[in-house]
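Attaching a single structure in structure tokens format; questions to follow.
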Amino acid sequence: MSLEEIYQKAEKYDLKGSTVNESLYISSLLNEFDKAMMIDKPKAREILKALKVDENSIEK
């Protein structure tokens, strides 16, 4: 999945007040994120940025 597609999915929903896991699930990015965590950490970071997760949380 391209970064453009990731950002489109992330922007499709109002995710304010959702946890990171809820946001990943609602936006249908959970599987993409799980794969990225295993083989492409920069992409995983980008997914979290697309979901508007703050930098401090991403660093954890």
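Since every read-out is calculated from the coordinates, none of them should be taken as a lab result. From a predicted model like this one, the values you see are computed outputs, not experimental measurements. Neighbour counts are summed over all protein chains in view; Cβ atoms, including those assigned to glycine, are modelled from backbone coordinates with ideal geometry.
Divide by every residue of the chain the summed helix terms, -39500 (n - 2.57) for each DSSP H run of at least 4, and state the resulting mean residue ellipticity at 222 nm, rounded to the nearest 500 deg cm²/dmol.
Using -39500 (n - 2.57) per qualifying helix, the result is -18500 deg cm²/dmol.
Defining a contact as two alpha carbons under 8 Å apart and six or more residues distant in sequence, what relative contact order in percent does the range 3-59 show?
Relative contact order comes out at 40 percent.
Compute the orientation-averaged projected area for the chain from the convex hull of its Cα atoms and round it to one decimal in nm².
Taking the Cα atoms of the chain, their convex hull projects to 3.7 nm² on average.
On to the next question. Quick one: go through the range 43-60 and flag any residue whose amide nitrogen is under 19 Å from the point 7 Å out along the Cα-to-Cβ line of Ser28.
Zone members listed by number: 47-48, 50-52.
Note the full-extension length gain between Tyr7 and Asp40 as 0.36 nm times their separation in residues minus their Cα-Cα distance, in nm to one decimal.
My answer for the length gained is 10.2 nm.
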